[in-house]
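Right, one structure below, let's go through it.
None of the figures in this text is laboratory data; all of them are computed from the coordinates on show. Owing to the predicted nature of the structure, the values given are computational and were not obtained by experimental measurement. Cβ placement follows ideal geometry from the backbone for every residue including glycine, while neighbour counts extend to all protein chains displayed.
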Amino acid sequence: MGLQAMLHGEPDMKLVGTAASAAEALSLLPNLEVDVLLTDLRLPDMTGAALITELAKVRPQLRAAVLSNYHSNEDVFSAVKAGARAYIVKSATMEQIFDAIRTVHAGSRWIPPHIAQQLADRLSRAQLSAREAEILQLVARGMRNREIGEKLFISENTVRNHILSLLQKLGTTHRTEAVALAIQQGLVRLEGD
């Protein structure tokens, strides 16, 4: 509501709609003239990145910006990959938020240096395979190699090989360090996250 009030005071900006969920945004969009969409990443029914992807199907010319408290490497990467042209952390000043909206409206990107560095770090890191990511999630839940193998119907040696590979890709030397890094970077989510 504070952001809405501040936007009303900007002569070159007009707030044309608000939505409390992705579903509401998708239903409102056909009836609104929108140049820039400002969305959070965590919505009650869908991620902000998924919303941006869905909106691009309906309105390819719509430019999206993310305004979020969440800014792990994976959060930033998923938003930019989905098509976000700006990534604004909620601690940004109002002037920075307005500058980001204007920059996106003009067709350019607005990504602060620390977020750009996170994105560069994420892009330079070797991608985990789907199986490695799945195993990392199970390791984060405290499961041992044998338990992971039983759950995934693979041998304990195969689990060990996947773990060695993901440790190397993450630049870590043991499971605990890999899990801590994965949580910090948003690669795994703990229950309730």
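Roughly how compact is the range 70-193, stated as its Cα Rg over 2.2 N^0.38 Å to two decimals?
It is 1.29.
May I ask you to derive the relative contact order of the range 3-51, considering only C-alpha pairs under 8 Å and at least 6 residues apart, and to give it as an integer percent?
31 percent
Could you order the peptides 73-83, 89-99, 127-137 from most to least packed, using the average number of other C-beta atoms within 10 Å per residue?
Order by mean packing, descending: 73-83, 127-137, 89-99.
Quick one: which residues, 5 or more positions from residue 110 or on another chain, have an amide H under 5 Å from its amide H? H modelled 1.01 Å from N in the peptide plane, none for Pro or chain starts.
Long-range HN contacts for residue 110: 86, 87.
Around residue 165, what is the net charge, scoring Lys/Arg as +1 and Asp/Glu as -1 over all other residues with Cβ under 11 Å from its Cβ?
Net local charge, residue 165 excluded: +2.
What number, in percent, do you get for the relative contact order of the range 2-124 if the mean sequence gap of Cα pairs under 8 Å and at least 6 apart is divided by its residue count?
It comes to 20 percent, rounded to a whole number.
Beyond a 26 Å Cα-Cα separation, which of these cross-linked pairs lie in this structure: 14/90; 81/169; 57/169; 14/57?
Correct reply: 57/169.
Round to a whole angstrom and tell me the spacing of the C-alpha centers of the range 76-124 and the range 126-153.
32 Å
Among 94, 148, 117, which residue has its Cα positioned farthest towards the positive end of the charge dipole of the chain, with +1 placed on the Cβ of Lys and Arg, -1 on the Cβ of Asp and Glu, and the dipole taken about the Cα centre?
148
Which value, in debye to the nearest 20, describes the size of the charge dipole of the range 1-109 about its Cα centre when Lys and Arg Cβ atoms bear +1, Asp and Glu Cβ atoms bear -1, and nothing else is charged?
So the dipole magnitude of the range 1-109 works out to roughly 240 debye.
How many nm separate the modelled label positions at residue 114 and residue 46, each set 7 Å beyond the Cα in the direction of the Cβ?
Distance between the two pseudo-spin positions: 3.1 nm.
Is the range 14-70 rounded, prolate or oblate when judged by the Cα gyration tensor, a ≥ b ≥ c being the square roots of its eigenvalues, rounded requiring a/c under 1.5 and prolate requiring a/b larger than b/c?
Judged from the Cα gyration tensor, the range 14-70 comes out rounded (a/c under 1.5).
Report relative contact order for the range 130-185 in percent, whole number only (criteria: Cα-Cα under 8 Å, sequence separation at least 6).
This gives 33 percent for the range 130-185.
What is the gain in length, in nm to one decimal, between residue 157 and residue 190 on full extension, counting 0.36 nm per residue of separation less the C-alpha to C-alpha distance?
Gain on extension, residue 157 to residue 190, equals 9.3 nm.
State whether the range 2-124 is rounded, prolate or oblate according to the following rule on the C-alpha gyration tensor (a ≥ b ≥ c being the square roots of its eigenvalues): a/c under 1.5 gives rounded; otherwise a/b larger than b/c gives prolate, and the remaining case gives oblate.
oblate
Determine Rg/Rh for the range 130-185; Rg is computed over alpha-carbon atoms and Rh is the Kirkwood hydrodynamic estimate from the same atoms.
My calculation of the ratio gives 0.93.
Please give the calculated 222 nm ellipticity per residue for the chain, where each DSSP H segment of at least 4 residues contributes -39500 (n - 2.57) and the sum is spread over every residue; nearest 500 deg cm²/dmol?
It lands at -16000 deg cm²/dmol.
Going by amide H atoms built from the backbone, whose H comes under 5 Å of the H on residue 38, apart from near neighbours?
For residue 38, whose amide H was placed from the backbone, the distant partners under 5 Å are 65.
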